[in-house]
Amino acid sequence: MTAQSPIEARNDARAFSDSARVAFGAAYPDRPVKLTHGLADHPLLTLEALAALAERMPVENVEYNLGRLPLGLRPEDTPTNGLTLGETIRTIDTNGSWAVLKNVERDDAYRALLDMALAELEPIVARKTGPMVHREAFIFLSSPGSVTPFHMDPEHNILLQIRGAKEMTVFPADDEQLVSAEQSEAFHAGGHRNLPWRDDFLRHGTPFSLTRGEAVHVPVKAPHFVKNGDAVSISLSVTWRSERSVAEGELHSLNALLRRRGLPIARVSAKPESQSVQRLVYRIMRKLGA
């Protein structure tokens, strides 16, 4: 009998328990919630496996820098660490760095891992916000004490803690005191994910302490920052888009076009997928090169 590879041997693994799926279903899509997961021992998520993955990835799909950063860092001020990516990952316990491997689903083995995890949640997602589209996976590696600055992301996201501990502080996605309408419009037009920070924002946030085997669901565009613990951290982020998230992006992009022309902007409702007229206007304006 042919021996199973480590990857094949884990094909029966489950990412989320029944209780985790119930908790996710109660919170999705609008509320952050802490979950548990079963991928902490997966062979694709060891430090050596990730270093090997990083070294075969296209350069545009990796990002790494020094890890002790201020919460409100401007993108152009991000400091480099002077190491190669492979060196960064293999010595991340001592080099004070942070790294992200983007779109790891382009590797067949990691795509299978992503598909397995999301298949367990897909019925819940489809019922509430439509089919999962643009499925992606990101892997974050952080030295002790690293900080990921205050930012937002355009996807539905679950961050799974694989090794070490970190604290993610999540803020409401619809609070214009934190992210103005103009900032949302600029973000959907291709602006950077990092956001300006003020210390008085902190009272609006909810901290989630994550250890190995724990996870957190982060709603679309919910601002957040992350502080690593006193050991190396590895996290897997599984993400997807939905009709709702795509619609929100279209409406903010429409508002950017209207604002530039001095015209009244459209209200983005809690269910932007239902705003079919405004979405059609945006698509027509985009097609006409407006």
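The values are calculated or read from the model by the stated rules, or taken from the named source; none is laboratory data. In this text, all values refer to a predicted model and were calculated from it rather than measured experimentally. Every residue, glycine as well, gets a Cβ built from its backbone with ideal geometry; the counts of neighbours run over all protein chains shown.
Can you give me the ranges of the strands (runs of 3 or more DSSP E) entirely in segment 113-170 with at least 1 residues that are touching a Lys or Arg at 6+ places or on another chain (Cβ under 9 Å) and basic (Lys, Arg)? Reasoning before the result, please.
On the way: elements: 133-142, 147-151, 156-163, 166-170.
Output list reads 133-142, 156-163, 166-170.
Among the residues of segment 249-259, is any surrounded by fewer than 17 Cβ atoms within 10 Å (Cβ to Cβ), more than 26 Å from the chain's Cα centre (by Cα) and not assigned by TED's automatic domain parsing to the domain that holds PRO207?
Yes, that holds for at least one residue.
Looking at ALA49, ALA3, ALA15, ALA26, can you tell me which residue is assigned to a loop (DSSP other than H, G, I, E, B) and at pLDDT 90 or above? Walk me through how you get there before you give the answer.
Working: ALA49 fails: assigned to a loop (DSSP other than H, G, I, E, B); ALA3 fails: at pLDDT 90 or above; ALA26 fails: assigned to a loop (DSSP other than H, G, I, E, B).
Unique residue meeting the criteria: ALA15.
Mind checking whether some residue in segment 177-191 is under 18 Å from PRO29 (Cα atoms) and in contact (Cβ under 8 Å) with a residue 40 or more places away in the chain? It would help to see each step written out before you state the result.
Of all residues in segment 177-191, those under 18 Å from PRO29 (Cα atoms) come to none.
No: segment 177-191 contains no residue that is under 18 Å from PRO29 (Cα atoms) and in contact (Cβ under 8 Å) with a residue 40 or more places away in the chain.
Pick from ALA266, ALA231, ALA222: which is surrounded by 14 or more Cβ atoms within 10 Å (Cβ to Cβ), within 20 Å of HIS151 (Cα to Cα) and either in contact with a helix residue (DSSP H, G or I) (Cβ under 8 Å, 6 or more places away or on another chain) or assigned by TED's automatic domain parsing to the domain that holds PRO172 (or both)?
Working: ALA266 fails: within 20 Å of HIS151 (Cα to Cα); ALA231 fails: within 20 Å of HIS151 (Cα to Cα).
On inspection, the qualifying residue turns out to be ALA222.
Considering ARG203, ARG193, which residue is surrounded by fewer than 21 Cβ atoms within 10 Å (Cβ to Cβ), farther than 30 Å from ARG14 by Cα, in the same structural domain as THR129 (by TED's automatic domain parsing) and modelled with pLDDT of 95 or more? Steps first, answer last, please.
Numbers: ARG193 fails: modelled with pLDDT of 95 or more.
None of the other options fit; the residue is ARG203.
Please pick out the residue among ARG31, ARG21 that is basic (Lys, Arg), closer than 30 Å to GLY205 by Cβ, within 18 Å of the chain's Cα centre (by Cα) and modelled with pLDDT of 75 or more.
Working: ARG21 fails: within 18 Å of the chain's Cα centre (by Cα).
Criteria check complete, one pass: ARG31.
Exactly one of these conditions fails for ALA215: (1) at pLDDT below 95; (2) closer than 26 Å to LEU114 by Cβ; (3) surrounded by 20 or more Cβ atoms within 10 Å (Cβ to Cβ). Give me its number.
(1) is the only condition that ALA215 fails.
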